[in-house]
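Step one of this worksheet: look at the structure below.
The values are calculated or read from the model by the stated rules, or taken from the named source; none is laboratory data. Fair warning: this is a prediction, and the values are worked out from it, not measured in the lab. All Cβ positions, even for glycine, are placed from backbone atoms using ideal geometry, and neighbour counts span all protein chains on display. Surface accessibility is based on the protein's heavy atoms, side chains included, excluding ligands, DNA and RNA. Shrake-Rupley method; radii C 1.70, N 1.55, O 1.52, S 1.80 Å.
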Protein chains: 4
Amino acid sequence: MCAMKAHKAPNSARRNEQSRQAILTATRELIAEVGYAKVTIEAIASRAGVGKQTIYRWWPSKGFVVLESFVALIETEEGAVELPDTGDIEADLKLVMRETMEEFATPAFEAPIRALNTEIINDPALAEAYNEKLAAPTDEVMRARLRSARHAGQLSPDADLDLMAEMLYGPLYQRWLLRSGPLTPEFADGLVEAVLRAFGPRA
Amino acid sequence: MCAMKAHKAPNSARRNEQSRQAILTATRELIAEVGYAKVTIEAIASRAGVGKQTIYRWWPSKGFVVLESFVALIETEEGAVELPDTGDIEADLKLVMRETMEEFATPAFEAPIRALNTEIINDPALAEAYNEKLAAPTDEVMRARLRSARHAGQLSPDADLDLMAEMLYGPLYQRWLLRSGPLTPEFADGLVEAVLRAFGPRA
Amino acid sequence: MCAMKAHKAPNSARRNEQSRQAILTATRELIAEVGYAKVTIEAIASRAGVGKQTIYRWWPSKGFVVLESFVALIETEEGAVELPDTGDIEADLKLVMRETMEEFATPAFEAPIRALNTEIINDPALAEAYNEKLAAPTDEVMRARLRSARHAGQLSPDADLDLMAEMLYGPLYQRWLLRSGPLTPEFADGLVEAVLRAFGPRA
Amino acid sequence: MCAMKAHKAPNSARRNEQSRQAILTATRELIAEVGYAKVTIEAIASRAGVGKQTIYRWWPSKGFVVLESFVALIETEEGAVELPDTGDIEADLKLVMRETMEEFATPAFEAPIRALNTEIINDPALAEAYNEKLAAPTDEVMRARLRSARHAGQLSPDADLDLMAEMLYGPLYQRWLLRSGPLTPEFADGLVEAVLRAFGPRA
DNA sequence: GCTTAAACGAGACGGTACGTCACGTCTTAGG
DNA sequence: CCTAAGACGTGACGTACCGTCTCGTTTAAGC
């Protein structure tokens, strides 16, 4: 793992993969059971049947263990995730946004992501790892769909797809993370429509 | 303070205002000095020359102390904050966005806001207090300027100003909070232009 | 306790006497059960139903806890300990030496004294406290009996009673502590006879 | 080494003598530098440039490593150590006792002997090895000189030389080990004189 | 001289205990 | 009764070593 290199880089060849998996699994279970804030390194070690040092040896902080446990989960599930492409960018985006909102409302997803964000705010190193490992792939999926739409003439040829993606996710994310407003389908639809007005073919 | 009522409400009449101020000041200083995560109740009490119990008696958690210390600061400074209104909504927004970005880059502002966000993520009660005390007033200022622009015909008559405000702040906030990208003037400008395309008079 | 003053001296007035007794009792029990080397601060705290910090607050090291626990025991038992005085110093000393040997052979006594000696060897401060609190009173009892014998003409008028006491206890103690030889009645008798030849009336 | 046999007895033929020496040397150096209590197997291994297992393979505990390192040192220095024999047992003994006291005051000697005694107290197996390897030879040297004196008529024909040796060393050792009193020449002289009164020719 | 089993250096591992920190509660003494 | 002070039980921290257990890599004996 790249972000780990800065940590210590012990001889990875000798690393016990069984222990690593046990730690990541225990971490996931504990977050689901008691919530991130109450998860302790000691509890993870105990649950995983591992010495504390084995955690401290390979991860610089609780945040990185959580991040890696989450990344491991994602990597398992997905193979090649893609957004739906019906040819109708507006419909597709509205669908995706609603699905994202629902995902956020799922406790199994919500708890660990909130957990990570808590740490990311105060830990730039973790933020970097997070953006690289979790956010970037998600964003890339979105950009791929937007590229397809632009190619199909549904977006202005010079539409800034990066900005577009941020305008779609940013307000949604803020509402969710800071609970500054309800996550309704109307909100999602309004957001998609506004963004398409900004980057549509005639703009 | 509203959010306090749920806590305990001892006899407020007897409350020592000097101690209260000392606590809020100490809290602000400590956050600026060592960062939110490392601020402890014991350190606040010690710095303020106050017993720990005096803090526990009046605030339900560290987050609320921090919130109140920050609210106190804001309330002191501001009287009637308003956005500039030159008549040119695009120029005004670009200016405001740039200023907001600069504010975020100021350590004295950054540290406590990050601090609050850390707590808000996992504490709905605190989030509510935060949104009510800090976010709402800021948003209202923005909405007032947008209303003025709509009235001047620079925005579509049916522009959803709440959504517009969120589309302006959301992407900016996300980049800052999660460090998912650089806060450049170009980013601010592009964001403003896109939002105005979405809600401009012909839309 | 004198030796404690150098440690920290928190406000002793607030000290919880119940906790103190529980700690000393737990310490004694644990030493008897598992031996000094295997007694840990954590085990003492746990057994006493006390926080570790409460031990660290009042004692500078495990050795001092053990010492105080032992002193407390001694102070309870004894009121005015005296050696027997039948008028026959040789008989009395032989009796005392045999009793001391038997005491040393009792696990309940042996374990804690070995414990203390382990620490004393490498801790001058503890050694001082030990000599003052435990050794000195024991020696004084011996010297009192020797004084009586000298007064009765059973010892040379210029007999050095301090040296005499050390010559009685020293070889015995060494055999016991370092297991350099068996603790037999013959050894005790021979030792007493030799010392009396050295300090007897005609010497 | 005899005490080692009970341990494991790997194929000694293959033993790396360089590693053995490096371990013993590192042990001595570390004891001198940081004191016995703070010497760890890991530190010895690291300093000696040796794997931990190489220590555990050949010695049953830290105490035995220290003992052997000390024995090795002694064996190097001495060839045939003997006490001076001027024909005057009192003068010779006083000289030897003073020299012993000075040796005890030398940090290079004091630290490791204290170290060993710490372990001996609680480890009968180590005590046995210690008495056999270090104490017995020293005592035999003393007994040889006493035998010579008895033969020369300076001691009673039936003087118990073992007891005599213990009466000479015991009080001295106790004062030193437990710091129960100062090691002065006067103390040494008084001790020798008393012992000689007890075992002199007319006794 | 080639083979092969050991001893070796290195160091990861599951553990235990360390001494420290901060938590939130409770107790004391003073105004 | 509120307050400053701070002791208390609790529990997690991150570190240090323990003694065991692989890993390749020497290395020296016996074929």
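Here are a few things to note about the model shown:
- The overall shape of chain B is prolate: from the C-alpha gyration tensor, with semi-axes ordered a ≥ b ≥ c, the ratio a/c is 1.5 or greater and a/b exceeds b/c.
- Carbon plus sulfur fraction of accessible area for chain D, probe 1.4 Å, in percent: 51
- Theoretical FRET efficiency, 1/(1+(r/R0)^6), r = Cβ-Cβ of D:Leu73 and B:Tyr56, R0 45 Å, to 0.05: 0.15
- FRET E, pair C:Ser156, D:Ser12, Förster distance 45 Å, beta-carbon r, rounded to 0.05: 0.15
- Across the copies of the chain, C:Ala43 has label points (7 Å from Cα along Cα→Cβ) spaced 2.4, 2.9, 3.7 nm apart, shortest distance listed first.
- The alpha carbon gyration tensor of the protein assembly as shown gives principal lengths a ≥ b ≥ c with a/c of 1.5 or higher and a/b greater than b/c, which makes the shape prolate.
- Where chain D is carried onto chain A by rotation, the Cβ closest to that axis, with its residue and distance in Å, is D:Gln53, 5.
- Each residue of the stretch D:65-70 was assigned a 3J(HN,Hα) from its phi angle through the Karplus expression (A = 6.51, B = -1.76, C = 1.60, θ = phi - 60°), giving 4, 4, 4, 5, 5, 6 Hz with x at Gly and Pro.
- Largest mean-square fluctuation among D:Thr76, D:Thr118, D:Thr100, in a Gaussian network model of chain D whose springs join Cα atoms under 10 Å apart, belongs to D:Thr76.
- Per-residue SASA entry for D:Tyr56, accessible area with 1.4 Å probe, Å² rounded to 10: 110
- Here the contact order of chain D, divided by its residue count and restricted to Cα pairs under 8 Å and six or more residues apart, works out to 21 percent.
- With contacts taken as Cα pairs under 8 Å at a separation of at least 6 residues, the stretch B:89-199 carries a relative contact order of 34 percent.
- Subtracting the Cα-Cα distance of B:Asp85 and B:Thr106 from their residue separation scaled by 0.36 nm leaves 5.1 nm.
- 1.4 Å probe accessible area per residue over the protein assembly as shown, in Å²: 48
- Using a 7 Å Cα-to-Cβ projection, B:Glu140 label spacings across copies, nm, ascending: 4.6, 8.0, 9.9
- Helix A:161-178 and the longest principal axis of the Cα set of chain A meet at an angle near 60°.
- Overall, the anisotropy analysis places the stretch C:129-190 in the oblate class: the square-rooted eigenvalues a ≥ b ≥ c of its C-alpha gyration tensor yield a/c not less than 1.5, with a/b not exceeding b/c.
- Accessible surface comparison of C:Glu82, D:Glu33, probe 1.4 Å, protein chains only, largest first: the order is C:Glu82, D:Glu33.
- Summing Lys and Arg as +1 and Asp and Glu as -1 over all other residues whose Cβ lies under 13 Å from the Cβ of C:Arg202 gives a net charge of +2.
- Distance between modelled label sites at A:Ser46 and C:Gln21, nm, 7 Å Cα→Cβ extension: 3.2
- Principal-axis analysis of the Cα atoms of chain D puts helix D:185-199 at an angle of about 60° to the longest axis.
- Value of [θ]222 nm, deg cm²/dmol, for chain D, DSSP H segments ≥ 4, -39500 (n - 2.57) each, nearest 500: -22000 deg cm²/dmol
- FRET E, pair D:Glu132, A:Glu33, Förster distance 56 Å, beta-carbon r, rounded to 0.05: 0.45
- Computed from protein heavy atoms with a 1.4 Å probe, the total accessible area buried between B and A is close to 2900 Å².
- Choice from C:Thr106, C:Thr27, C:Thr138 showing the highest fluctuation, given a GNM over chain C with Cα pairs closer than 10 Å: C:Thr106
- For the stretch B:89-199, a Kirkwood hydrodynamic radius built from all Cα pairs, placed in the Stokes-Einstein relation at 37 °C and 0.692 mPa s, yields a translational diffusion coefficient of 221 µm²/s.
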